[in-house]
Amino acid sequence: MKRLLPLRRDRGFTLIEMLTVMLIIAVLASLILGVNALVQSKAARARAEGEIRTLSMGCENYKVDNGTYPRTGDTDALNPREDVNPNSSDEKYQDASKDLYKALSGDSGPGKDPDFIPDGKIYLPEFFKPNVLAAKKDANGKIIEVKYIQDPFGQCYGYSTAGAEEEERFLKELRTKPSASRPARMKGYNSTFDLWSTGGSTKGDDEKARAKWVKNW
């Protein structure tokens, strides 16, 4: 007698198997995104370090011609020890950064609004391109007003001469009072200028936020 074989039934994926595969895909995707974010962050920091070195070199060249680093009331007013968050003090950050741009680019512009058209000496001729500037543009994409120098994280570079102002005040006092001592907490970190990127951090005044800074000190 011929033996009948059982019918073979095609077996599909079970719900558990499908969920397992989806979980593995999700884990791999999160790892890839995490690695990509880390690579982008490191690249942005490296670029910020390079831009800070270039801007610092421009400041040194400016000093050779003018006897002092770029300095205005706005750059004296921005204090990196206190003004940590570029979002909470936009005007202070932007005004100081704009003054640095005007000094190094030769673009004095009309009033406080530089127009990307140099009319003075350019100390960094190859640096100030649209990708490093936050600017207002017309319908054709032409820059009509520079707002500030922008770091790779999309934030405003901080530029301060608060330390220079404090040093100047101390030296003046020292001439009339030899026993004068420096304040316990000086403004700024350098007696020349402070230049920094907040590294993408927009938090308040805390050490975790400051630890992300890319700076010249």
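Nothing in this text is a laboratory measurement; each read-out follows from the coordinates by a stated rule. Remember, predicted model here, so these are calculated numbers, not experimental data. For neighbour counting, all protein chains shown are included, and Cβ atoms are generated from backbone atoms with ideal geometry for every residue, glycine included.
Using a 10 angstrom Cβ neighbour count of at most 15 plus a DSSP loop assignment to flag exposed GluC sites (Glu not before Pro), which longest range of the chain is free of such sites?
Numbers: sites that count: E82, E126.
Between the exposed loop sites, the longest stretch runs 127-217.
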Angle between the chain longest axis and helix 90-105 axis [Cα atoms, degrees, rounded to 10]: 70 degrees
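What is the fewest-to-most order of K187, K92 by other Cβ atoms lying within 10 Å of their Cβ? Before the final figure, lay out each step's value.
Numbers: K187 23, K92 20.
Listed from fewest to most nearby Cβ atoms, that is K92, K187.
For the chain, what is the convex hull (Cα atoms) projected area averaged across all directions, in square nanometres? It would help to have the intermediate numbers written out before the result.
Values: hull surface 87.6 nm².
That works out to 21.9 nm².
Past 28 Å, Cα to Cα: identify those pairs from K121/K172; K42/K98; K102/K215, in the order given. Please list the in-between numbers first.
Values: K121/K172 31 Å; K42/K98 26 Å; K102/K215 21 Å.
The answer is K121/K172.
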0 to 90° range, to nearest 10: angle between helix 162-176 axis and the chain longest Cα axis: 30 degrees
Between helix 15-66 and the chain: long-axis angle, C-alpha atoms, 0 to 90°, nearest 10: 20 degrees
Centre separation in Å (Cα based) which lies between segment 69-123 and segment 148-196: 16 Å
Segment 177-182 - phi-based ³J(HN,Hα) in whole Hz, Karplus 6.51/-1.76/1.60, Gly and Pro as x: 9, x, 8, 4, 10, 5
